[in-house]
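Student: Can you keep this structure in mind? I'll have questions shortly.
Readers should treat all values here as calculations from the given coordinates under stated rules, not as data from a laboratory. This structure is a prediction, so every number in the text was calculated from the model and none was measured. Here the Cβ positions follow ideal geometry from the backbone for every residue, glycine too, while neighbour counts run over all protein chains shown.
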Amino acid sequence: MAVYRRGYQRYQGPLTGYWARFLVAPRFAWERLFQQRQVVILLVGAMIWPLFCAVFIYLANHSELWAGLGGGFKNFLEVNGKFFLVFMNAQAVFAVLLAALAGPGLIASDLANNALPLYFSRPMSRPDYVLARLLVLIGMLSLVTWIPGAALFFMQVGMAGRGWFSENWRLGVGVVAGFLIWVLIVSLVALACSAYVRWRVVAGGLVLGFFFVLGGVAKMVNTVFRVEWGSVLSPTAAMYQIWCDMLDVETPLGLNTAECIGTLVVLGVLLVVVLERKLRPVEVIS
Amino acid sequence: MTTAEVIFDDISKFYGEVLGVNRVSLRIPPGITSLVGPNGSGKTTLMNLLTGLILPDRGSISVLGVSPRDPETMMRFTGYATQYDAAPRWATGFEFITTGLLLFGCSRAEAEEKAWKALEWVSMTEAAHRKVAAYSKGMRQRVRLAQAIAHNPQVLVLDEPLNGLDPLVRAETIALFRAWAAEGRHVILSSHVLQEVDVISDQVILIANGMIVAEGEIRGVREEIHDHPSQFVIRCRDASRIAALLFNEDHVTEIKLNDDRQGMLVLTKDREQFARALSRIALAGHEIDGVVPADENVDALYEYLIGGGR
Amino acid sequence: MTSPVIELDGLRVKLGRREILLGISCRLGASGAGKAIGLLGPNGAGKSTLIQTLLGFHKPLAGRARVLGYDCHRQVREVRARVGYMPETESFIANMTAVSFLRLMGELSGLPRETALEKAHEVLFHVGLGEARYRPLGTYSLGMKQMAKLAQAIVHGPELVILDEPTNGLDPAARQRMLKLVREMKDDHGMNVVVCSHLLLDVEQVCDEVVIMNNGLVVHQADLEAERRSNRCFVELEVIGEDQELSGALAEIGADGVREGGGRWRIVLPPSIEIQSLWALLGRQGLHVRKLTHRRDTLEEIFLKAVGHIQHTPGEAAAEKSLTV
């Protein structure tokens, strides 16, 4: 017979390294993300358009299937910059919707009940915290943006052959790079909104509003002042301009690409500043 | 018929299915009365009923002869400091109290004078003109107290008034309560710090599960609990010898010796006889350094009557 | 000589526009000794700021702060890996279960994955939340949330645990449980504990050393056992019986007695008189003893003297008096 005394024992073993610890928060957040049903449904829904596009690519490369339908179709079914632009526009909207749905849950629940001091009393700095959250969002948004985009591009290359690739490799770069910028901006906006506002639903609305309202403001500026440059105020328009430039497509917006890049950079910096001010372990009131 | 008591007569209050208080009857005389009980036992419900903020489902309440259903009269001589923060964040402490006083019908000058006096009582004159949003927890507590006493009420109802106050301010506030009680006012407060309740209260009310477990003066309550023998801690040189002598007494039920043999805990059924036995033992030459009753305080009462997870 | 747990050297900290800590130098605790240090002071003395500086939330204006030998500003990660913190304000993540929450906190502190899960369960049972550990934290009562906060502070087995107002808002039974856990932490598990509290009674029960702050400076630092030396000449007495003549009787043997009413007396004995004489005197007066104790300075009295509210503690006053009687 033996009697055991086993209760709480103080841990005195080895601790994990920096990178393992850094990935802890993203891991937990990622798990919780996929436990939410709406997120999963939206993710699946966001795959429908890429599926159509894949069918399109298939048809475009197998002209024998629709040979009898006439010439007009041929112009339509061409895989070029315009095609990818249309693809990107649709997925960009899904990206915003996903960020609005899933983003707030990442930070809002930490802020709502003042859990930040608990994080920062552990070996974690503020940039670590933000980067960890950013990683999760970027990861999820990548699933619906440049990853399907790259897949489609390579599918096209596979079917159309080397020749098409050497002419249009810039399209691939444009899709991936363009989406990466977009994903970064959307993630920053989602994080900043949820750091600013405590309630998840309101933060989500704020994210949507950010993009759509600013688009409306830009149009208003254009109409009222009868100018073209108002569109710079809208990040969506700015992004669109940059994509058009990358994909060699004509754009009706009449904006200077450099200006657009400038706006996005300024926006990014502002968002980082907001995050820096809001995510403090202790509020200092002078 | 006016009385000098606060009377609860067979009061019940339920929030839908949730229990507030269940058939409570109390008579509270003037002086400092402490309400003691676990969280959720009904202390705040009793206070809200007393001040007329909620109405009972059955029974009647009388505060110095006036019913809380007549707040116009009753709230003139009653002051209430709640547990939770209710001061508007945009106001300064001074404005908050002054506005409250204006509601009583005081003139502007009178209200400002009384507000300032109340702030002096709680030592908040320095920060009086800063916004409430910038106050620390202890400062907000003091402002709440000030607004409760500003109109010089006869009955003070205070929900955990010492929560968050540092030891200096605690001592000063307790002195304030004592002064008010000495004037014949009712000071009814609730607290979780039982040692303080011991020191400052004239009477104590223990409440658990929405029902009154005990009420009255602390020592009187203790004497009525017969299930538990009285406990005394003795400090002495030769514990074993003295313990042997005490075991000869038939009122002693249990003795626990300290590890260092320099003291013991004695349980006895009869305090008077015990005191006599001790005197005999001391006069017979055994050195007894100290005698302290171990369970005539609210802590012991709480443990005996309410208990819960030590 | 063992190294101190907390070492401050001319520490000055400024928040916003005000300088809160005005230059503190002291050494607290002994590494590996498993002691509890009480951090006391009036509101605005700078206790929270000091704790936050130790955790690296604020940068010192001047001077240094070291915890367990590591600099609080330059070696923040090392400090935070060895420290557990229980903040005063409510801190939790509402939609996580207690087990997930503690698993997250444990892994963030550096516990390996499997260990974190084991420790999460262990520590939840230890603090008394065993039955509720699969429920979301948002459904917990106030007492349970405090316990969960304590659990996250100790799950990674830190060498130093900082508790800011641990018994805040707890009802008497929960308060006793919390204090018992703190005692176990230092006695059984060898952790060093800093307890910051306004409830001096709690600090008295648990702490071995106290540090008293006022206006941004340390005004008193003491070992509690040594401070509360019981004064053998200062006696508190409570009698049953007719005690009108007691004052005169006391004067006869050279003692000074003050009547407090209700049979209670405060007596200062001259150094030559033993307690036996007092018993004999009471016996002669026909009085029985209800309470007899040598008065020790309470922590509250030590505190009030340290912040300048009173000149002498009653123990000191009695000691002086007995020499003149």
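Student: Quick one: net charge around residue C:129, please, counting Lys, Arg +1 and Asp, Glu -1 for every other residue with C-beta under 13 Å from its C-beta.
Tutor: +3
Student: Separate question: Quick check: the distance between the Cα centres of region C:54-77 and region C:232-253, to the nearest angstrom?
Tutor: 56
Student: Now for a different question. If we count other beta carbons within 10 Å of each Cβ, what is the order of C:139, B:98, B:125, fewest first? Write out the running numbers ahead of the final one.
Tutor: Values: C:139 10, B:98 23, B:125 14.
Exposure proxy ranking, most exposed first: C:139, B:125, B:98.
Student: Residue A:114 to residue C:296: FRET efficiency via 1/(1 + (r/R0)^6), r the Cβ-Cβ distance, R0 51 Å, to the nearest 0.05? Don't skip to the answer; put the middle values down first.
Tutor: Details: r = 40 Å, r/R0 = 0.78.
Calculated transfer efficiency: 0.80.
Student: Determine the shielding of peptide A:104-116 by partner chains: average, over its residues, the number of Cβ atoms on other chains within 10 angstrom of each Cβ.
Tutor: Details: counts 0, 1, 0, 0, 0, 6, 4, 1, 5, 10, 6, 12, 2.
Mean shielding count: 4.
Student: Shifting gears a bit: For chain B, give me the percentage of DSSP beta bridges that are antiparallel, rounded to the nearest 5 percent. Write down the numbers at each step before the final one.
Tutor: Values: 35 of 53 bridges.
Just about 65 percent of them are antiparallel.
Student: To the nearest 0.05, how large is the calculated FRET efficiency for residue C:225 and residue B:259 if R₀ is 22 Å and r is the Cβ-Cβ distance?
Tutor: Numbers: r = 17 Å, r/R0 = 0.77.
About 0.85, to the nearest 0.05.
Student: Give me a single rounded figure for B:161-171: the average over its residues of other chain Cβ atoms within 10 Å of their Cβ. Walk me through the numbers before you get to the answer.
Tutor: Values: counts 0, 2, 3, 6, 3, 12, 16, 11, 3, 4, 5.
Per residue, the number of nearby Cβ atoms from other chains is 6 on average.
Student: May I pose another question? Would you mind calculating the relative contact order of region A:18-278 from Cα pairs under 8 angstrom and at least 6 residues apart, reporting the percent as a whole number?
Tutor: That works out to 23 percent.
Student: Let me ask something additional. Distance from the Cα centre of region B:139-155 to that of region A:116-181, in angstrom?
Tutor: The two parts, judged by their Cα centres, are 60 Å apart.
Student: A follow-up question, please. For region C:35-83, what relative contact order do you get, as a whole percent, if you take Cα pairs closer than 8 Å and at least 6 residues apart?
Tutor: 24
Student: Which lysines have a Cα lying under 24 Å from the Cα of residue C:145, excluding residues fewer than 8 positions away in the same chain?
Tutor: Counting by Cα, and skipping residues close in sequence, residue C:145 has these lysines nearby: B:43, B:137, C:47, C:119, C:180, C:186.
Student: Compute the distance from the alpha-carbon center of region B:188-254 to that of region B:35-59, in whole Å.
Tutor: 27
Student: Please give the helix A:24-35 orientation as an angle from the longest Cα principal axis of chain A, in degrees from 0 to 90, rounded to the nearest 10.
Tutor: Compared with the principal axis, the helix lies near 60 degrees.
Student: For chain A, with a Gaussian network of springs between Cα atoms less than 10 Å apart, report the residue from A:268, A:215, A:45 with the top mean-square fluctuation.
Tutor: A:45
Student: To continue, here is another question. Considering only the other residues whose Cβ falls under 9 Å of the Cβ of residue C:223, what net charge follows from Lys and Arg at +1 and Asp and Glu at -1?
Tutor: -4
Student: Follow-up question, since we're still on this one. Relative to the first principal axis of the alpha-carbon coordinates of chain B, what is the inclination of helix B:271-283, with its axis defined by its Cα atoms, in degrees from 0 to 90 and to the nearest 10?
Tutor: On a 0 to 90 degree scale, this one is about 50.
Student: Over the alpha carbons of the protein assembly as shown, what is the largest minus smallest coordinate on each principal axis, giving the biggest first in Å?
Tutor: Rounded to whole Å, the extents work out to 129, 71, 56 Å.
Student: Which three lengths, in whole Å and largest first, does region C:6-223 cover when its Cα atoms are put on their principal axes?
Tutor: Each principal axis gives a Cα extent; for region C:6-223 these are 47, 36, 35 Å.
Student: Now, a different point. In which sequence would A:154, B:274 go, from the one with the fewest C-beta neighbours within 10 Å to the one with the most? Mind showing how you got there, number by number?
Tutor: Values: A:154 12, B:274 25.
Lowest count first: A:154, B:274.
Student: Running a GNM on chain B with Cα contacts under 10 Å, which residue among B:20, B:105, B:285 ends up with the highest mean-square fluctuation?
Tutor: Maximum fluctuation in the GNM of chain B, among the listed residues, is at B:285.
Student: Between helix B:167-182 and chain B, what is the angle of the helix's C-alpha long axis to the longest principal axis, kept within 0 to 90° and rounded to the nearest 10?
Tutor: 80
Student: Taking only Cα atoms and a 10 Å spring cutoff, compute GNM fluctuations for chain C and point out the largest among C:70, C:134, C:85.
Tutor: Maximum fluctuation in the GNM of chain C, among the listed residues, is at C:134.
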